[in-house]
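The values are calculated or read from the model by the stated rules, or taken from the named source; none is laboratory data. Fair warning: this is a prediction, and the values are worked out from it, not measured in the lab. FYI the Cβ positions are ideal-geometry reconstructions off the backbone, even for glycines, and counts take in every protein chain you see. Heads up: the accessible areas ignore ligands, DNA and RNA and are worked out on the full protein's heavy atoms, side chains in. Shrake-Rupley method; radii C 1.70, N 1.55, O 1.52, S 1.80 Å.
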Amino acid sequence: MIETARLILRPWREDDRGAFAAIINTPAMMADFGGVKDRAGIDRLFDKRIDDQARNGHSFWAVELHSGEIVGSVGIRVAHDYPGLPVEGMRELGWRIAEAHWGTGLAHEAAKAAINWGWANIDTPFLAAWTTAGNTRSWGLMERLGMTRRVDLDCRDPDGSCPDDNLIVYTMDRPQ
């Protein structure tokens, strides 16, 4: 568990499944991920979070306010599902914060906490993050976090769920 001034980042639990679906599976949230998914698709995404935690000891965790309200998913995972692409196997920093909390700094606060946790607990020379070129909120946060665009790592979305099928990649080196 990671705690910040406003947030707690923790592994997902089975009883979080409904909250996860309500936050993640909205038209605005899924606009850059191929649109709203059926329940089976969202369940698979939730199951990936649980599996990543079990396999690697970390994942895109549940993000909750100190009040207990779940407001998103932020963390670091191993990108096992990008076979043959430049990002395969990288430690991916990622975030999704509920629409009601967009523009409040929660994604930045949670991402910084995940980065700090990553440097303290994961032996990796860098962290990476990716999105589509049209997702300005996401790559804008990457830049505010101090990440650098890596055109040499840009690639196609392996499952074709991104609107233009192209992913832009940013990285951040481990501090010296």
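Looking only at residues in segment 1-44 that are part of a helix (DSSP H, G or I) and of a type in the set (Asp, Glu), the one that is nearest to Thr104 (Cα to Cα) is Asp32. Among the residues of segment 60-77, at least one is open to solvent by less than 20 Å² (accessible area, probe 1.4 Å), closer than 17 Å to Ser138 by Cα and among the polar types (S, T, N, Q). Screening the candidates Thr171, Thr132 for the property of being in contact with a Cys (Cβ under 7 Å, 6 or more places away or on another chain), open to solvent by less than 20 Å² (accessible area, probe 1.4 Å) and not aliphatic (A, V, I, L, M) yields one hit, Thr132. Residue check: Ala5 meets all listed conditions (1) touching a residue at least 60 places away in the same chain (Cβ under 8 Å); (2) open to solvent by less than 60 Å² (accessible area, probe 1.4 Å); (3) of a type outside the set (Phe, Trp, Tyr) but one, namely (2).
Here Arg149 does not fit the description of being in contact with a helix residue (DSSP H, G or I) (Cβ under 7 Å, 6 or more places away or on another chain), at pLDDT 95 or above and more than 24 Å from Ala62 (Cβ to Cβ). Here is the figure for segment 35-50: residues that are open to solvent by 50 Å² or more (accessible area, probe 1.4 Å) and at pLDDT below 85 total 1. From the list Ala22, Ala62, exactly one residue is among the hydrophobic types (A, V, I, L, M, F, W, C) and touching an Asp or Glu at 6+ places or on another chain (Cβ under 9 Å). Which is it? Going through Ala22, Ala62 in turn, the sole match is Ala62. Put simply, of Asp38, Asp52 the only residue that is touching a residue at least 24 places away in the same chain (Cβ under 8 Å) and among the charged types (D, E, K, R) is Asp52. Residues of segment 80-103 that are in contact (Cβ under 8 Å) with a residue 24 or more places away in the chain, of a type in the set (Gly, Ala, Ser) and either part of a strand (DSSP E or B) or under 18 Å from Trp139 (Cβ atoms) (or both): Gly94 alone.
In segment 78-111, what residues are β-branched (Val, Ile, Thr), more than 19 Å from Phe126 (Cβ to Cβ) and surrounded by 17 or more Cβ atoms within 10 Å (Cβ to Cβ)?
Applying the first criterion (β-branched (Val, Ile, Thr)) to segment 78-111 yields 78, 87, 97, 104.
Now restrict to residues that are more than 19 Å from Phe126 (Cβ to Cβ): 97, 104.
Within segment 78-111, just Ile97 meets the criteria.
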